[in-house]
Amino acid sequence: MIKLLSPAKVNLGLWLLGKRDDGYHEIFTIYHTVSLFDEVFIKEGPLKVETSNNIPQEENLVYKALRLMERRLGKELEFSVYIHKNIPQGAGLGGGSSNCALVLKAINSLLGEPLSIEELKEIAQSVSSDAVFFLYGGTAVGRGRGEAVEPIRHVDLKITLIYPNLQVSTRRVYSMVSHTSLTPNLDSDKIIQSVLEGRFEVLENRLGELAMELFPEMREVYRFVEYLGYRPMISGSGSCIFYIGEASQEVKKGALLRGWKLYQVRSYDGV
């Protein structure tokens, strides 16, 4: 049996650029892996995928990806996967996508690498737009649906995450997007340069702003963080709010009183 750590991500920023012909939205985002992990166990045995929070196998991104891998290889896979979930679901932290990419890479390695990185990317993006990023990890730019990934120099940050015990449907948030949410003439080079220089005031998340309109619980966290003098940001389509910096006693106490989960993490580049 092998044990692997499957990291969460935050989106340091996310902009909506326009509607695509395939029904998805064109985005620009900066992905960043952090030190909050699901634990993944892989052993030989009949193909099955189980999780500590009982996600039905047919709905699990890992299972979907492994079935596509079987089709690509033309043979059955003999691996059993168990995932202990620590990354909250519906939080915008990419836990399922991370699990998917990590298991694809690990099983491809165990089989002697019959598939190229390009083939793994094709499988990953078939089940999740975010999964391709997790084949790289670190800090990276995402374009297209988020699946066109370009690694950039890794930045090292301390980050405080607050999860308001709320699962958000990404599909529902995207259904709220209108032309007023779009930033058609985005200067992406300027944003990348600002992040690499540690200037985060340019960062925003138009998708996350829409999520706060749908879910007042997110806005409550956002305003709480803002009130204490930090700059709140939203990961993905929410529900997780984060800021760059360590958690003060005020933040810890406030989160505890309100029943929110708080995670103190840092940048992770070990994928």
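The values are calculated or read from the model by the stated rules, or taken from the named source; none is laboratory data. Predicted model, so just to flag it, every value in this text is computed and none were measured. Using ideal geometry, Cβ is built from the backbone for each residue, glycine included, and neighbour counts are taken over all protein chains shown. Please note that ligands, DNA and RNA were not included when accessible areas were found on the heavy atoms of the full protein model with its side chains. Shrake-Rupley method; radii C 1.70, N 1.55, O 1.52, S 1.80 Å.
Would you pick out the residues in segment 224-247 that are open to solvent by 30 Å² or more (accessible area, probe 1.4 Å) and either farther than 29 Å from Phe28 by Cα or in a loop (DSSP other than H, G, I, E, B) (or both)?
First, pick out the residues of segment 224-247 that are open to solvent by 30 Å² or more (accessible area, probe 1.4 Å): 226-231, 244, 246.
Answer for segment 224-247, where residues must be open to solvent by 30 Å² or more (accessible area, probe 1.4 Å) and either farther than 29 Å from Phe28 by Cα or in a loop (DSSP other than H, G, I, E, B) (or both): Leu228, Gly229, Tyr230, Arg231, Glu246.
Could you look through segment 66-95, keep only residues that are open to solvent by 30 Å² or more (accessible area, probe 1.4 Å) and under 24 Å from the mean Cα position of the chain (by Cα), and pick out the one that is farthest from Tyr174 (Cα to Cα)?
Step one: of segment 66-95, the residues open to solvent by 30 Å² or more (accessible area, probe 1.4 Å) are 67-68, 71-76, 78, 82, 84-86, 89.
Of the ones still in play, those that are also under 24 Å from the mean Cα position of the chain (by Cα) are 67-68, 82, 84-86, 89.
On the way: Arg67: 28, Leu68: 26, Tyr82: 31, His84: 29, Lys85: 25, Asn86: 26, Gln89: 17 Å.
Among them, the one singled out is Tyr82.
Name the single residue, out of those in segment 1-59 being of a type in the set (Phe, Trp, Tyr) and open to solvent by less than 10 Å² (accessible area, probe 1.4 Å), that is nearest to Ser97 (Cα to Cα).
Step one: of segment 1-59, the residues of a type in the set (Phe, Trp, Tyr) are 15, 24, 28, 31, 37, 41.
Narrowing further to those that are open to solvent by less than 10 Å² (accessible area, probe 1.4 Å): 15, 28, 31.
Values: Trp15: 20, Phe28: 18, Tyr31: 13 Å.
This residue is Tyr31.
Which condition number does Asp189 fail, the rest of (1) in contact with a Phe, Trp or Tyr (Cβ under 6 Å, 6 or more places away or on another chain); (2) not in a loop (DSSP other than H, G, I, E, B) being met?
Here Asp189 clears every test but (1).
Would you please list the contacts, defined by Cβ atoms under 6 Å and residues six or more apart or on different chains, that run from a residue in segment 191-206 that is without any contact (Cβ under 8 Å) to a residue 12 or more places away in the chain to a residue that is open to solvent by less than 10 Å² (accessible area, probe 1.4 Å)?
none
For segment 151-163, indicate whether the set of residues that are open to solvent by 50 Å² or more (accessible area, probe 1.4 Å), free of Cβ contacts under 8 Å to residues at least 12 places away in the same chain, assigned to a strand (DSSP E or B) and closer than 18 Å to His32 by Cβ is non-empty.
Checked segment 151-163: no residue is open to solvent by 50 Å² or more (accessible area, probe 1.4 Å), free of Cβ contacts under 8 Å to residues at least 12 places away in the same chain, assigned to a strand (DSSP E or B) and closer than 18 Å to His32 by Cβ.
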